[in-house]
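Participant: One structure follows; several queries about it will come next.
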Protein chains: 4
Amino acid sequence: MSPSTQEQAEIAARVRDSFARQSIMATLGAEVAAVRPGEVEIVLLFSDRILQQHGFIHAGAVATIADSACGYAALTVMPRDAAVLTTEFKINLLSPAKGDRLRAVGRVIRSGKTLVVTLGEVFAETAGASKQIAMITATMMVVSTGSGLRD
Amino acid sequence: MSPSTQEQAEIAARVRDSFARQSIMATLGAEVAAVRPGEVEIVLLFSDRILQQHGFIHAGAVATIADSACGYAALTVMPRDAAVLTTEFKINLLSPAKGDRLRAVGRVIRSGKTLVVTLGEVFAETAGASKQIAMITATMMVVSTGSGLRD
Amino acid sequence: MSPSTQEQAEIAARVRDSFARQSIMATLGAEVAAVRPGEVEIVLLFSDRILQQHGFIHAGAVATIADSACGYAALTVMPRDAAVLTTEFKINLLSPAKGDRLRAVGRVIRSGKTLVVTLGEVFAETAGASKQIAMITATMMVVSTGSGLRD
Amino acid sequence: MSPSTQEQAEIAARVRDSFARQSIMATLGAEVAAVRPGEVEIVLLFSDRILQQHGFIHAGAVATIADSACGYAALTVMPRDAAVLTTEFKINLLSPAKGDRLRAVGRVIRSGKTLVVTLGEVFAETAGASKQIAMITATMMVVSTGSGLRD
């Protein structure tokens with residue numbers, strides 16, 4: 001059963017509220033671009049504050065938005081009283097990360113009671129052209145409210 | 001054959017020079033703590049600019065210093081005319097990243113002509129106590145000067 | 001430029017010849033089901049010789065066919081004088097592996113001169129129904145003939 | 001608190017009993033070599049039934065014993081009424097797998113209530129010499145008896 005329009009709006013608000021509390025995103029220059037059931041997009045603008053030694057965007061910054069895109073994709077399918085934590089991720093860096101901005105798209109592949117498994121892609125966008133530069137797989141944990149954590 | 005004292009000093013200078021060009025490190029608040037042949041340590045100070053939504057240090061920041069510790073550990077065993085690029089890494093997040101600072105230690109496990117495989121650990125340090133909070137395995141590529149990249 | 005029909009037939013023959021030399025496949029009960037440019041399918045029949053302790057197909061058997069599907073997908077895009085070796089893979093096990101047979105589908109995501117990055121899915125098939133039970137990402141190395149290896 | 005001698009014997013018996021139910025191990029030619037709290041060793045004898053196309057032991061066979069060494073290392077620290085399932089693993093293949101036999105050593109890095117994270121190494125042994133040929137990190141799930149699974 002797909003979520004209703006109102007439920008979708010609530011899910012999107014929940015993701016955006018939680019994302020707004022991730023201070024690293026403002027530090028790096030990242031924003032939520034889209035929230036759909038089971039899928040979240042995050043965009044990171046190129047800036048000279050997030051680079052590695054050759055002038056590409058650092059793999060860690062790529063991983064940061066890829067991880068959050070996957071984590072929030074997972075949150076969209078979790079119960080309302082759950083919080084999300086990353087337990088592991090693996091990222092393949094396909095090409096140097098350069099361009100006007102990066103777009104990370106995270107998708108839920110398998111939604112379980114305890115774990116949600118996700119797959120994400122990161123694209124470099126330059127003047128309208130788009131090229132995949134990374135692929136991530138990540139396992140997210142469904143953390144109950146009893147933990148004191150909220151999302 | 002172990003590198004001589006002078007070679008070790010040159011290797012350490014090479015790592016520190018390259019690290020200084022990684023603008024993301026100043027943005028996040030990370031510094032090189034130690035360089036040894038096949039092993040590099042990076043320290044990240046806790047600050048309210050690098051957090052996720054529950055107040056822990058973001059997994060992406062943990063991954064950033066873990067990746068660079070592994071990458072620079074790999075660089076210490078590469079030829080002088082090579083540059084280093086991460087091709088992939090996988091990180092297991094063992095506990096929430098909180099404390100006064102994080103310390104990432106990267107080590108070379110296997111040094112090949114084309115690829116260098118590394119293993120890293122990240123510790124949270126608080127008032128003298130230390131706890132492992134992440135484990136990373138990463139593959140680094142030996143990039144020849146012909147690419148135009150330098151380290 | 002897509003390969004011609006004749007080139008496709010040569011690629012398929014090359015994959016099937018190399019696969020026939022993988023003795024573990026006969027031992028486990030696996031066969032090549034399809035070869036397309038950039039994509040290979042391998043099928044593993046359920047048998048009581050490949051199980052783990054709860055009666056599911058062992059994760060290692062799942063990984064074996066997933067790895068080979070990805071490796072041979074990579075081989076389809078490699079030069080004729082190259083051989084393929086797996087440098088790393090990561091597999092997420094989404095559900096217990098049970099059913100009449102497993103089908104692993106490997107696809108090339110990024111084809112480089114030295115490394116080919118792949119993504120694979122494994123499905124359990126039972127009486128016509130199909131369910132994804134694993135996801136793999138793998139890095140394959142393009143090994144030159146100079147190594148003495150052939151595929 | 002370390003387990004008593006009697007508890008250690010019970011843990012070892014539990015691992016060996018469960019391993020004996022993994023039919024794939026007899027098919028491949030693998031045996032438990034050692035069980036210690038938090039650490040398990042599995043040995044795989046070279047045979048011409050488990051090879052890839054170049055005559056090396058197939059990465060899938062390497063992964064099979066590495067996964068089980070990690071899984072049973074995890075089982076040694078789990079409650080008596082729990083069963084173990086692999087949720088994910090990543091393996092780096094450091095050198096071709098050839099020799100008289102392989103030895104996989106799995107160790108617990110972090111033991112949680114729901115997940116146990118492990119690190120494993122695989123060595124090729126030939127005429128007394130030993131060389132590391134693979135490294136694995138794996139996440140194991142603690143499955144309650146309510147699931148119907150036993151170990």
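The values are calculated or read from the model by the stated rules, or taken from the named source; none is laboratory data. Just so we're clear, the structure is a prediction, and the values are computed from it rather than from any experiment. Methodologically, a virtual Cβ is constructed for each residue, glycine included, from the backbone with ideal geometry; neighbour enumeration extends over all protein chains shown. Please note that ligands, DNA and RNA were not included when accessible areas were found on the heavy atoms of the full protein model with its side chains. Shrake-Rupley method; radii C 1.70, N 1.55, O 1.52, S 1.80 Å.
Participant: Which residues, if any, in region A:87-102 lose at least 50 square angstrom of accessible heavy-atom surface (probe 1.4 Å) when the other protein chains sit next to their chain rather than the chain being alone?
Facilitator: A:THR87, A:GLU88, A:PHE89, A:LYS90, A:ASN92, A:LEU93, A:LEU94
Participant: For chain B, what's the relative contact order in percent, using C-alpha pairs closer than 8 Å and at least 6 residues apart? Intermediate values should be presented prior to the final figure.
Facilitator: Values: 332 pairs, mean separation 35.0, N = 151.
Reported as a whole number, the value is 23 percent.
Participant: Region C:64-114: percent of C-alpha pairs farther apart than 14 Å? Working shown, then result.
Facilitator: Values: 746 of 1275 pairs.
Beyond 14 Å sits 59 percent of the P(r) for region C:64-114.
Participant: Round to the nearest 10 and give me the degree value, 0 to 90, for the angle of helix C:59-75's Cα axis relative to the longest principal axis of chain C.
Facilitator: 20 degrees
Participant: Continuing with the same structure: Could you look at chain D and say what percent of its accessible area is carbon and sulfur, using a 1.4 Å probe and all protein chains?
Facilitator: Numbers: 3080 of 5880 Å².
Here carbon and sulfur together make up 52 percent of the probe-accessible area.
Participant: Something else: Rg and Dmax in Å for the protein assembly as shown, alpha carbons only: what are they?
Facilitator: Gyration radius and largest Cα-Cα distance of the protein assembly as shown: 23.1, 69 Å.
Participant: Using 1/(1 + (r/R0)^6) with R0 = 45 angstrom and r between the beta carbons of C:GLN132 and B:SER4, what's the FRET efficiency to the nearest 0.05? Walk me through the numbers on the way to the answer.
Facilitator: Details: r = 55 Å, r/R0 = 1.21.
Efficiency at R0 = 45 Å is approximately 0.25.
Participant: Continuing with this model, one more query. D for chain A, whole µm²/s, Stokes-Einstein with Kirkwood Rh over alpha-carbon pairs at 25 °C and 0.890 mPa s: what number?
Facilitator: Approximately 159 µm²/s, per Stokes-Einstein.
Participant: If you don't mind, another one. If I fit a long axis through the Cα atoms of helix C:5-20 and take the longest principal axis of the Cα atoms of chain C, what angle between them do I get, 0 to 90°, rounded to 10?
Facilitator: Compared with the principal axis, the helix lies near 60 degrees.
Participant: If you find the alpha carbon centre of region A:5-27 and of region B:45-66, how far apart are they in angstrom?
Facilitator: One Cα centre to the other: 18 Å.
Participant: Oh, and also: Can you tell me the dipole magnitude for chain D around its Cα centre, using point charges on the Cβ only (Lys, Arg +1; Asp, Glu -1), in Debye to the nearest 20?
Facilitator: Values: 15 positive and 14 negative charges, 32 e Å.
For chain D, the charge dipole is close to 160 debye.
Participant: Measure of size requested: the Rg and Dmax of region B:20-72, with Cα atoms as the atom set and Å as the unit; please supply both.
Facilitator: 11.4, 37
Participant: So how far, in whole Å, is the C-alpha centre of region D:73-99 from the one of region C:118-151?
Facilitator: Rounded to whole Å, the Cα centres lie 20 Å apart.
Participant: Just to be sure I follow the definition: excluding the sites themselves, where is the longest run in chain A that has none of the trypsin sites (Lys or Arg not before Pro) in a DSSP loop with at most 12 other Cβ atoms within 10 Å?
Facilitator: Numbers: sites that count: A:ARG80, A:LYS113.
Longest stretch, sites excluded: A:1-79.
Participant: Now, a different point. Pairwise over distinct Cα atoms, reciprocal of the mean inverse distance: report the Kirkwood radius of region B:109-151 in Å, one decimal place. Show your work: numbers first, answer last.
Facilitator: On the way: mean 1/r = 0.0779 Å⁻¹.
With all distinct Cα pairs of region B:109-151 included, I get 12.8 Å.
Participant: Only Lys, Arg, Asp and Glu count, each charged at its Cβ (+1, +1, -1, -1), so figure out the dipole size of the protein assembly as shown about its Cα centre, rounded to 20 debye. Mind dumping the intermediate values first?
Facilitator: Numbers: 60 positive and 56 negative charges, 0 e Å.
So the magnitude is around 0 debye.
Participant: Let me ask something else about it. Give me the summed buried accessible area for the D-B pair, 1.4 Å probe, to the nearest 100 Å².
Facilitator: Numbers: alone 8070 and 8070 Å², together 14940 Å².
Interface between D and B: roughly 1200 Å².
Participant: OK, next. Hey, for a label at C:ASP100 modelled as a point 7 Å past Cα toward Cβ, could you say which residues of region C:110-151 have their backbone N under 11 Å away?
Facilitator: The answer is C:125-130.
Participant: Using only helices, what value at 222 nm comes out for chain B when you add -39,500 (n - 2.57) per DSSP H run of length 4 or more and divide by the total residues, to the nearest 500 deg cm²/dmol? Don't jump to the answer; show the numbers that get you there.
Facilitator: On the way: 3 runs with 39 residues, N = 151.
So the helix-based figure for chain B works out to -8000 deg cm²/dmol.
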